[in-house]
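One structure below.
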Amino acid sequence: MEVPQALRQVFDSFPLKTYPSITASTSSQLEVLEARKFYFTSSSKTTSLAKSSSIILGINNVVEYRDIILPSDPVSLSQCLIICHKNGLKLPLATRKGITDENASNCLMTLSHQAAPDSQLPILIEDNKKNDGGEPIRSLIPSYSIVNSNKKDLSDSSDILINDMMDTKLIDLWLTCLMVDPNVNPPVLSKIFTLESFPSVTSSLSGLYISALLQDIPRWRSYEIRHSNLFRNSKLKDTITSVVRKSDNSALQAFYIHQLSEVRDLLELISDYVLESDCMILKMKLTGFLLSVDLILYDTELGKIIKQCSYLEKAYSNI
Amino acid sequence: MELHVWGYDNEISVIEPECLASAWLLQSLDISFKIVTSNNTNISPTHSLPLLIDEEQKIAGYSSIFKFVSKKQEKKKNNLIEFALISYITENFKPLNQYNLYIKSDNYEKYTRKLFKNYFPFPMMYNQPLKFYYGAQELVSTVGLKSEGQGFFNFNGSGANVAETEMVNESTTDDVAISSLHEKQLISKSKQRKNLTEARYTLKCLTLMEEHMNHILKVYSSESGGTRKEEPEVQEEQEEQEENAKNEEKDESKENTNISVNLSDNFGIGKFIASDMLLFAYIYSLTFKELPSTFILNFMRTKFSSFTSEALKHITQLNENLGDTLYKKPESSEIPNLWNELVYVTKQFV
C-alpha cells in the first residue's frame with residue numbers, strides 16, 4: 001500500500017537523531033558501590049579460577065578485627081572463610097580498602113538484606129568472564145544454595161551429619177538470639193546489618209527499617225515454618241510493634257532458654273570433634289559462628305556461653 | 001512424672017512421632033511416669049508436645065526430654081553423633097511425615113482429619129485440623145514437596161489450596177451454563193491432573209526417604225565399624241514386591257547380612273538409644289498400617305527390607321511395653337476445651 005504524499009513528507013522531514021545509550025551507573029553511584037566493597041587479597045596460593053572469575057559475596061555488614069575485615073553474621077563469615085580457603089584468597093584488610101588491582105576483583109560487598117531474592121544474605125554474585133572478551137555472564141546464588149553446596153565437599157557420613165546440625169541448631173540459636181535477647185538493641189543490630197547508610201536525622205526511617213528487619217528475621221532459613229508452634233499468634237502479633245513483640249513472645253523466650261542449655265553442652269562436643277577432624281568446612285563453620293557472636297553479640301546470653309568455649313582461641317587463630 | 005502427648009484414650013497419635021519416641025524412651029530407661037493424652041499445647045512453654053512435667057519443671061520437645069532424663073539418671077555421657085542424628089531425623093523426617101499425613105489426600109481425608117474429632121471437643125475439632133493442614137503445606141514446601149506458587153494466573157494470592165470436595169457444590173452464578181456431560185469431563189480432567197501432580201510429589205517423597213535412610217544407615221554402619229551393602233532395587237509391581245517379601249522370609253538369615261548394623265546392639269541403654277527411638281517412631285508413623293495409602297511401607301519393605309522388618313519387630317515390642325496402666329486421662333486445666341482456651345487467652349493479655 002502506498003503511503004500518502006502528505007504523510008511521507010511529515011515523516012521524511014522529522015529530525016531523526018540517534019542518542020547514545022544511558023549508562024547504567026553514574027560516577028557517584030560507582031563511588032557509593034565502591035565504598036561498600038572490601039577486596040580479598042590474592043596470594044601465591046590463589047587458584048587460577050579465582051583469578052579468571054569475579055566473586056562478590058553480598059553480606060549484611062562488616063566488622064573490623066585487628067585490621068582484618070570480617071562479615072558480621074555467622075553464615076556470611078563461615079562462607080567467606082570457606083571461599084577464601086577454597087580459592088587461596090586472604091581476608092580483606094582495612095588498610096587496603098578500595099584498592100583494586102588486576103587480581104583483586106573478588107570482594108565482599110555490604111548490602112541490604114532486601115537485595116536478596118529471598119530477603120536473606122549472604123548471596124554470591126559471580127561474573128564469569130568469556131574467553132572471547134565479551135560481556136561477562138553474571139549469576140546469582142542465593143543463601144540456601146551456598147550453604148547446601150558445602151555438602152558436596154563432605155565425604156564422611158559423620159561430617160555431613162555434624163555439618164547439618166551446625167547449620168540448623170547453631171544458626172537457629174543465632175536467629176532466636178536476635179529476636180528475643182534483651183541485649184540485642186538497635187545499636188547492636190546496626191553492627192550486624194547495614195543501618196548506618198540511613199542519615200542520623202532520619203532516625204524514624206532507621207526505626208522503620210529495623211521494624212521491617214525484625215519482621216523478616218523469622219522467615220530466614222524457614223525458621224517460622226519449622227518452628228510454627230512458636231509463632232502461633234503471629235497474625236495478631238504482626239499488628240503489634242516490634243518492641244512489644246519482643247517482650248510478648250513467651251514461647252520464643254522459653255525456646256531460647258532451651259536452645260542455650262542445649263548448645264552449652266553441644267559446643268564442647270562439637271569443638272572436640274572439630275579439633276580431632278581434618279574437615280575444613282566444619283572448622284570454618286565453627287570459627288564463623290564463634291567469632292561473629294564473640295565480636296558483636298558478646299553481651300547476650302549466647303555471647304556469655306561462647307566466651308567459655310574452648311575452641312574460641314583456636315577460632316581467632318584460624319583467621 | 002507426667003508425659004503429655006497427642007493421642008486419645010490409650011493410644012499415642014502418629015501426628016507427632018516425638019510423643020511416641022518420648023514414651024518409649026522413658027519406658028526403656030525404667031523411669032516411673034504416666035502418659036497423659038491431653039492434646040493441649042497451651043500447657044507447654046513452647047506450645048508443643050511432648051511435654052514432660054516433673055514436679056514444677058516443664059520440659060518440652062524430644063531432645064530436651066532426652067537431655068533431662070539422661071542428666072537425671074547420670075547413666076551415660078552425651079554423644080555428639082546421637083545429638084546430630086536426633087537433629088537430622090527431626091529436620092528431615094518431619095516434612096515427610098507431614099506430607100504423608102496431611103498432603104497425601106487419601107490419608108488426610110480418610111484418616112488424619114478424622115483423628116481430630118477425638119482430640120478436640122466442639123467447635124475446636126473443626127478449625128484445628130485446618131491449622132495443622134496449612135502448617136504442613138508450608139513445611140513440605142521447604143523440601144520441594146508442594147509448589148508454593150499456584151501458577152501465573154492465580155488470582156487467589158498465596159492462600160492455601162482448597163480441597164476439591166469443598167469446591168464442587170459451590171454456587172457458580174456468573175459462570176456460563178455447561179452441560180452436565182461437559183462438567184463431568186472437566187472434573188475428570190481436573191482430577192487426573194491432580195493425581196498426576198500428587199504422583200510426582202509422592203515419588204519425590206520416596207526419593208527423599210531413600211536418601212535420608214541411606215545416610216542414617218551409613219552413619220550407623222560407620223559408627224559400628226561395619227559396612228553396608230546396597231539394598232535391592234525398587235520393584236514397581238506389587239506382585240513382585242510380595243514375591244520378594246516371601247523370598248526374604250525364606251532367606252532371612254541371608255538377607256540380614258545386607259546391613260551389618262545389628263540394631264539390637266544399639267538398643268537398650270547403649271550408644272544411640274535416643275536417636276534409635278526417634279527413628280523407630282518416625283518409621284512407625286510413616287508406615288502406619290491404618291493409613292489408606294501405605295506407599296511408604298511398601299517402599300520400605302522393598303528397598304530396606306531387612307532394616308524394616310527388624311525395625312517393625314522392635315516397634316511392636318516397644319508398643320507392647322507401653323501397658324494400659326501407664327495412661328492417665330487429662331484433668332481440669334489440662335483438657336483442651338473452650339473454657340480453658342478462653343482462660344489461657346485472657347491470661348496472655350491481662
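List the pairs from A:Lys283/B:Lys72; B:Lys110/B:Lys328; B:Lys71/B:Lys313; B:Lys94/B:Lys303; B:Lys34/B:Lys131 whose alpha-carbon separation is above 24 Å, in the order I gave them. Among A:Lys283/B:Lys72; B:Lys110/B:Lys328; B:Lys71/B:Lys313; B:Lys94/B:Lys303; B:Lys34/B:Lys131, the Cα-Cα distance tops 24 Å for A:Lys283/B:Lys72; B:Lys110/B:Lys328; B:Lys71/B:Lys313; B:Lys34/B:Lys131. Loop-located trypsin sites (Lys or Arg not before Pro) in region B:41-97 (DSSP state other than H, G, I, E, B) with a sparse environment of at most 15 neighbouring Cβ atoms within 10 Å: B:Lys75, B:Lys76, B:Lys77.
Close amide H partners of A:Val63, meaning residues 5 or more places away or on another chain with modelled amide H under 5 Å apart, are A:Leu70, A:Ser72.
Can you give the FRET efficiency to the nearest 0.05 for A:Lys304 and B:Glu290, using r as the Cβ-Cβ distance and R₀ = 51 Å? After rounding, the FRET efficiency stands at 0.55.
Remark: region B:282-293, residue by residue, has Karplus-estimated 3J(HN,Hα) of 5, 5, 4, 5, 5, 10, 4, 6, 7, 6, x, 10 Hz, where x stands for each Gly or Pro and the curve is 6.51 cos²θ - 1.76 cosθ + 1.60 at θ = phi - 60°.
In the context of the full protein assembly, A:Ser228 retains an accessible surface of approximately 60 Å², using a probe radius of 1.4 Å and ignoring ligands and nucleic acids. For the peptide B:46-59, the mean number of other protein chain Cβ atoms found within 10 angstrom of a residue's Cβ is 2.
How much accessible area per residue does region A:263-319 have, counting only protein heavy atoms and a probe of 1.4 Å, in square angstrom? Working shown, then result.
On the way: 2250 Å² over 57 residues.
Result: 39 Å² of accessible area for each residue.
The values are calculated or read from the model by the stated rules, or taken from the named source; none is laboratory data. Keep in mind that this is a model prediction, so the values were computed, not measured. Note that we place each Cβ from the backbone using ideal geometry, even for glycine, and neighbour counts take in every protein chain shown. The accessibility values were calculated without ligands, DNA or RNA, using every heavy atom of the protein model including side chains. Shrake-Rupley method; radii C 1.70, N 1.55, O 1.52, S 1.80 Å.
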